[in-house]
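Here is the structure we will look at.
The values are calculated or read from the model by the stated rules, or taken from the named source; none is laboratory data. A quick note: this is a predicted structure, and the numbers were derived from the prediction, not measured. Glycine gets a Cβ as well: all are built from the backbone with ideal geometry, and neighbour counts include every protein chain shown.
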Amino acid sequence: MYPCIKRLFDITVSLCMLIAALPVLIVVSVCIRATMGAPVFFRQQRPGLHARPFNLIKFRTMRAPVPGEDVAASDAARLTRLGRFLRACSLDELPTLLNVLAGSMSIVGPRPLLMQYLARYTPEQARRMEVRPGVTGWAQVNGRNAISWEEKFALDVWYVDNCSLPLDLKILWMTAAAVVRREGISHAGEATMPEFMGTKGPQQGQS
């Protein structure tokens, strides 16, 4: 029953937020174009519900790599001052509301990660894809990028097992508070999080 209510909730909230944020979307787009050039948006394929791929859209926060620069290793160096501000205020996430409207994402759910992580999850960690990925989620309001991958995945799976409208409303409230406090934006020494290479130990997933 709740999946139907959740989809209606997603459409209503994302549409209202897009309309309310339209002036901000325009200003941010102009600022990115003026400081970083084209493209304004960052697009990348991510796994969605049941690992089905979709194209995630966000505001661009990094400059283009220079010739010979390692793209993955230079994330922190390529993050611009404007990009750092957009991430700190979560304004880079506003375009993902279009993904919510399209049905590839939800307002609340586990964050959509990289396609190459799929083979690195344990069977338990892979359960995070039993629901649509979200703009914000239980892991986001309980440490975001300041906690370990294993902690994030455990929180994601807990959300899958306890998903409800009251919980989603609580997460939205906690998200607003976390954005104001600018907590957990990055992992120690990283622009966001280090690459997930798989869980070490007896619960290591099969690739």
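Results, tabulated for the structure shown:
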| item | result |
| --- | --- |
| Qualifying positions in region 28-48 - surrounded by 12 or more Cβ atoms within 10 Å (Cβ to Cβ) and in a helix (DSSP H, G or I) | 28, 29, 31, 32, 33, 35, 36 |
| Given (1) surrounded by fewer than 22 Cβ atoms within 10 Å (Cβ to Cβ); (2) assigned to a strand (DSSP E or B), index of the condition residue 107 fails | (1) |
| Total residues in region 144-161, condition assigned to a helix (DSSP H, G or I) and modelled with pLDDT under 95 | 7 |
| Filter pass, residue 141 being of a type in the set (A, V, I, L, M, F, W, C), crowded, with 19+ Cβ neighbours inside 10 Å and in a helix (DSSP H, G or I) | yes |
| Flag if residue 113 is in a loop (DSSP other than H, G, I, E, B) and at pLDDT 90 or above | yes |
| Some residue of region 49-70 being small (Gly, Ala, Ser), surrounded by 15 or more Cβ atoms within 10 Å (Cβ to Cβ) and at positive phi | no |
| Breaking point among (1) of a type outside the set (Phe, Trp, Tyr); (2) in a loop (DSSP other than H, G, I, E, B); (3) at pLDDT 95 or above, for residue 187 | (3) |
| Selected residue [of a type outside the set (S, T, N, Q), in contact with a Gly (Cβ under 7 Å, 6 or more places away or on another chain) and within 22 Å of residue 109 (Cα to Cα)] from 54, 59, 42 | 54 |
| Boolean, residue 86 is in contact with a strand residue (DSSP E or B) (Cβ under 9 Å, 6 or more places away or on another chain), modelled with pLDDT under 95 and either part of a helix (DSSP H, G or I) or under 30 Å from residue 38 (Cβ atoms) (or both) | yes |
| Test result for residue 131, within 13 Å of the chain's Cα centre (by Cα), within 23 Å of residue 2 (Cα to Cα) and of a type in the set (Val, Ile, Thr) | no |
| Some residue of region 52-72 being touching a residue at least 60 places away in the same chain (Cβ under 8 Å) and part of a helix (DSSP H, G or I) | no |
